[in-house]
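The values are calculated or read from the model by the stated rules, or taken from the named source; none is laboratory data. Bear in mind the structure is a predicted one, so any value in this text is a computation, not a measurement. Quick reminder, even Gly has a Cβ in these numbers, built from the backbone with ideal geometry, and neighbours come from all protein chains shown.
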Amino acid sequence: MTAKVIYHPDYEELEKNSWRYDVYDELFEYAKDIGLEIILFYVFDALPTELWIKFPDIRAEIFLYHGITHCTQKGKEVGDKLLKYSLKRFKTISSHASIAFEGGGCNCEYCRNNLADLIVEHLKFIKENGNSERLFFMTWFANIKEYFDVPPIKGLRDQLFMKLPKEVKIIDITRKTLKMAIEQGYEVYDFVFLIDPEGGLESQMIFPKPHVNLLKERISDSIQALGSNLKGMVGYRVLPKTRFIDDYALGRYLWNPELTGNDIISEVAGLLSSSINEKQSVITAIQLLEDFWNSFDGNKLKESNKILKMVITQQKEVLEPLKSIQEATEILYLLFRYYSLDSERVKDRIVQKIYRSMREMDTFQCYASYNVWDYRSFEMIKQRIGWWTDQGIGLFNPQTFPWNSHLKGKYNLVDTKEDAFLWMKGKE
């Protein structure tokens, strides 16, 4: 439960979120019917912006995420009231999780000096009011607070693992943190974050990147390194239809890490096909797309798009998300051509072609929706082409890819801030 979705009937400012809780009720019931477990995830000290504005005296002192967090000490009454309502409202859910450092928490002197104890109290509150049978705590970014907070909280992880009840299960992206937790007797769950769309860069979100082999490598490496101490893995998160392949791959690997990359590609192709022949063609297209991201061979991307387009023209009823994947692959190929050329005249023609193609594609209607917006939408798309092909943070800079980075970056085995942002640095 993030700050923007929290509801409580006593605050009219939050009435706009009431419908969400009704939907959650239906969603949780459906999940139960089909045998899924729901884990309700809460952010430590989360405060809806409407209440942050209404109650200025309880605002958290914090560098990031202004307007969505309360001070643990000053906002305890309001915070507990909000959290308790959600826990009681969804009382049929018996598994809960919380995060406190990447979002959540307060930086005032009291909260900093008592952070570990305050988190223990927070988890105890969840357990008692939510009747938790399973309780998870995500320590992600605790290591960053140890090294780079202002001032740093030295030994934060050691404090946590001395004070957190042993039945609390630890989730983290950082191999060192997981090993520290194991040494103190905790069950640990690895957090696979490498298909994250959270950076706010459209280019990293919307264009197809299968990640089939990278995900397999990442998950297999964790299993080998942590062995029987690893009790499970956590994936993150649902992406647009254009990224269906790696979304599906992550889910299937987490469900069954014994699957091979070819198994995954075959399953995905089957879901996107209506015949055996189509399936084989889609398998080839996915393999070519996967190979492109490792080689930057534009011919492979061109051929992948050609195959996908052929399959779509043969289908009596075009299967989603195949259509979205094909349309995004077509634009991706044009972007790669733009990126690879020096001639400004040719590049201008490609910009025009991208614009005209997007206007005809359902996938990109958000960029070119109405004729009245022709000029503005063209300028917007032109700007984005510049972003998407930027030499530093664009689609085709090898430094932005986990598999072309230092081993720590490759597996997100980060422990320091330098590790965390390693692939954002320039070439050595």
If you go through SER377, SER369, the only one that is closer than 20 Å to ILE206 by Cα, hydroxyl-bearing (Ser, Thr, Tyr) and loosely packed, with under 15 Cβ neighbours inside 10 Å is SER369
What's the number of the condition CYS108 fails, among (1) in contact with a strand residue (DSSP E or B) (Cβ under 9 Å, 6 or more places away or on another chain); (2) without any contact (Cβ under 8 Å) to a residue 60 or more places away in the chain; (3) more than 20 Å from LYS124 (Cα to Cα)?
(1)
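Check whether at least one residue in the range 83-105 is among the hydrophobic types (A, V, I, L, M, F, W, C), farther than 29 Å from GLU37 by Cα and either touching a strand residue (DSSP E or B) at 6+ places or on another chain (Cβ under 9 Å) or modelled with pLDDT under 90 (or both), and report yes or no.
Applying the first criterion (among the hydrophobic types (A, V, I, L, M, F, W, C)) to the range 83-105 yields 83, 87, 90, 93, 97, 99-101.
This time we only want the ones that are farther than 29 Å from GLU37 by Cα, so: none.
Checked against the condition, which is being among the hydrophobic types (A, V, I, L, M, F, W, C), farther than 29 Å from GLU37 by Cα and either touching a strand residue (DSSP E or B) at 6+ places or on another chain (Cβ under 9 Å) or modelled with pLDDT under 90 (or both), the range 83-105 yields no hits at all.
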Return yes when ILE93 is surrounded by fewer than 13 Cβ atoms within 10 Å (Cβ to Cβ) and out of contact with any Cys (no Cβ under 8 Å at 6 or more places or on another chain) and no when it is not.
no
In the range 322-352, the residues that are of a type outside the set (Val, Ile, Thr), without any contact (Cβ under 8 Å) to a residue 40 or more places away in the chain and more than 25 Å from PHE244 (Cβ to Cβ):
LEU341, ASP342, SER343, GLU344, ARG345, LYS347, ASP348, ARG349, GLN352
Across the range 296-319, what is the number of residues that are out of contact with any Leu (no Cβ under 7 Å at 6 or more places or on another chain), part of a loop (DSSP other than H, G, I, E, B) and touching a residue at least 24 places away in the same chain (Cβ under 8 Å)?
4
So, of the residues in the range 236-265 that are surrounded by fewer than 20 Cβ atoms within 10 Å (Cβ to Cβ) and touching a Gly at 6+ places or on another chain (Cβ under 8 Å), which turns out to be farthest from PRO210 (Cα to Cα)?
LEU254
If I ask for residues that are on the phi < 0 side of the Ramachandran plot and more than 26 Å from the chain's Cα centre (by Cα), which ones from the range 134-160 would you list?
VAL150, PRO151, PRO152, ILE153, LYS154, ASP158, GLN159
Which residues, taken from the range 235-253, are touching a residue at least 40 places away in the same chain (Cβ under 8 Å) and within 11 Å of the chain's Cα centre (by Cα)?
GLY235, TYR236, ARG237, LEU239, ASP247
Checking ASP117 against (1) assigned to a loop (DSSP other than H, G, I, E, B); (2) loosely packed, with under 15 Cβ neighbours inside 10 Å, only one condition comes out false. Which one?
(1)
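Out of ARG376, ARG337, which single residue is modelled with pLDDT of 90 or more, more than 21 Å from the chain's Cα centre (by Cα) and not in a loop (DSSP other than H, G, I, E, B)? Quick ask: steps written out before the conclusion?
Values: ARG376 fails: modelled with pLDDT of 90 or more.
One residue alone meets the criteria, ARG337.
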Out of everything in the range 194-210 that is in contact with a Pro (Cβ under 9 Å, 6 or more places away or on another chain) and surrounded by 19 or more Cβ atoms within 10 Å (Cβ to Cβ), what residue ends up being modelled with the highest pLDDT?
ILE206
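Of everything in the range 310-333, what is within 29 Å of the chain's Cα centre (by Cα) and not aliphatic (A, V, I, L, M)? Give them in sequence order. First the steps, then the outcome.
Step one: list which residues in the range 310-333 are within 29 Å of the chain's Cα centre (by Cα), which gives 318-333.
Passing the criteria: GLU320, PRO321, LYS323, SER324, GLN326, GLU327, THR329, GLU330, TYR333.
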Looking at (1) over 14 Å from SER273 (Cβ atoms); (2) assigned to a helix (DSSP H, G or I), which is the only condition ASP342 fails?
(2)
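Considering only the range 11-28, I want to know if a residue exists there that is of a type in the set (Ser, Thr, Tyr), under 28 Å from PHE191 (Cα atoms) and modelled with pLDDT of 95 or more.
Quick first cut of the range 11-28, residues of a type in the set (Ser, Thr, Tyr) only: 11, 18, 21, 24.
If we keep only those that are under 28 Å from PHE191 (Cα atoms) as well, we get 21, 24.
Restricting the remaining residues to those that are modelled with pLDDT of 95 or more gives 21, 24.
Within the range 11-28, one or more residues are of a type in the set (Ser, Thr, Tyr), under 28 Å from PHE191 (Cα atoms) and modelled with pLDDT of 95 or more.
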Residues that are more than 13 Å from LEU160 (Cα to Cα) and among the charged types (D, E, K, R), drawn from the range 113-125
LYS124
Identify, by number, the condition in (1) of a type in the set (D, E, K, R); (2) assigned to a helix (DSSP H, G or I); (3) surrounded by 16 or more Cβ atoms within 10 Å (Cβ to Cβ) that LYS74 doesn't meet.
(2)
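Somewhere in the range 132-149, is a residue over 24 Å from PHE193 (Cα atoms) and touching a residue at least 40 places away in the same chain (Cβ under 8 Å)? Before the answer, list the steps.
First, the residues of the range 132-149 that are over 24 Å from PHE193 (Cα atoms): 132-133.
If we keep only those that are touching a residue at least 40 places away in the same chain (Cβ under 8 Å) as well, we get none.
No, the range 132-149 contains no residue that is over 24 Å from PHE193 (Cα atoms) and touching a residue at least 40 places away in the same chain (Cβ under 8 Å).
Can you say whether TYR147 is in a helix (DSSP H, G or I) and aromatic (Phe, Trp, Tyr), as far as the supplied structure shows?
In short, yes.
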Here are ILE38, ILE34: which of them is aliphatic (A, V, I, L, M), within 24 Å of the chain's Cα centre (by Cα) and over 26 Å from THR72 (Cβ atoms)?
ILE38
Quick test for you: out of GLU278, GLU187, pick the one residue that is within 24 Å of GLU330 (Cα to Cα), crowded, with 16+ Cβ neighbours inside 10 Å, of a type outside the set (A, V, I, L, M) and touching a residue at least 12 places away in the same chain (Cβ under 8 Å).
GLU278
